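Taking it in order: structure first as structure tokens, then the write-up.
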Amino acid sequence: MKKLTNNLIHLFVKYPFYFGVLLITFFVTETYPFSVYPMYNNFPNWSYTFYLEDEHNNNLNKYMIVHHAELSHLYYTECDNQKIGHGYGIESVADLKVVGERITRQVIHWEKLRESSVEEVRLYRIYNYIKDNKLISDTTILCTTYVK
């Protein structure tokens, strides 16, 4: 027990700032940076994944000017900018088309694409959700853009 006490005292002396912050977190619970945000402890029952393909179902990542993972961020941003409710598959077909066209215009390197044999760009959304303890995936074409 004496060895444990000596070790704790040594840690308090060596890392006073760390233990000071730890002590503060017990008393200050809702002030930044000590707030408890539910960001990662509450997951929705749905998720969206996005990807681009041409008319022959070939991946178009080599013509994208953003990383593939940024498509979902662009989707949510465009939905918010257009004041379109999103999530749980509530978007209408017309809303999906508007958002899809705006995203497609932003993410493709059009000059490179025009030099290729690609004629169509299709933006897809995979809507994953759980229903009756089963994972369901619905794939929708948000928009089809023709390369000119």
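The numbers here are math on the coordinates, done by the rules we state, and not lab data. The structure displayed is predicted, hence computed values, not measured ones. A quick note on method: Cβ atoms are made from the backbone with ideal geometry, for glycine too, and the neighbour counts reach across all protein chains shown.
What residues have an amide H closer than 5 Å to that of residue 55, excluding those fewer than 5 places away on the same chain, when H is modeled at 1.01 Å from N in the peptide plane?
119, 120
Ignoring everything except DSSP H segments at least 4 long, calculate the 222 nm mean residue ellipticity for the chain; use -39,500 (n - 2.57) per segment, divide by total residues, nearest 500.
-12000 deg cm²/dmol
Report Rg(Cα)/(2.2 N^0.38 Å) for region 60-135, keeping two decimals.
That works out to 1.26 for region 60-135.
If packing is taken as the mean number of other Cβ atoms within 10 Å per residue, what is the order of 60-67, 49-56, highest first?
In descending order of packing, they fall as 49-56, 60-67.
In the set (i) 9.5; (ii) 10.0; (iii) 16.0, which value of mean projected area of the Cα convex hull in nm² was calculated from the structure you see?
(iii)
Quote the relative contact order of the chain in percent (integer), defining contacts as alpha-carbon pairs under 8 Å separated by 6+ residues.
Worked out over the chain, it gives 25 percent.
For residue 112, list the lysines whose Cα falls under 18 Å from its own Cα; do not include residues on the same chain fewer than 8 positions away.
Correct list for residue 112: 62, 148.
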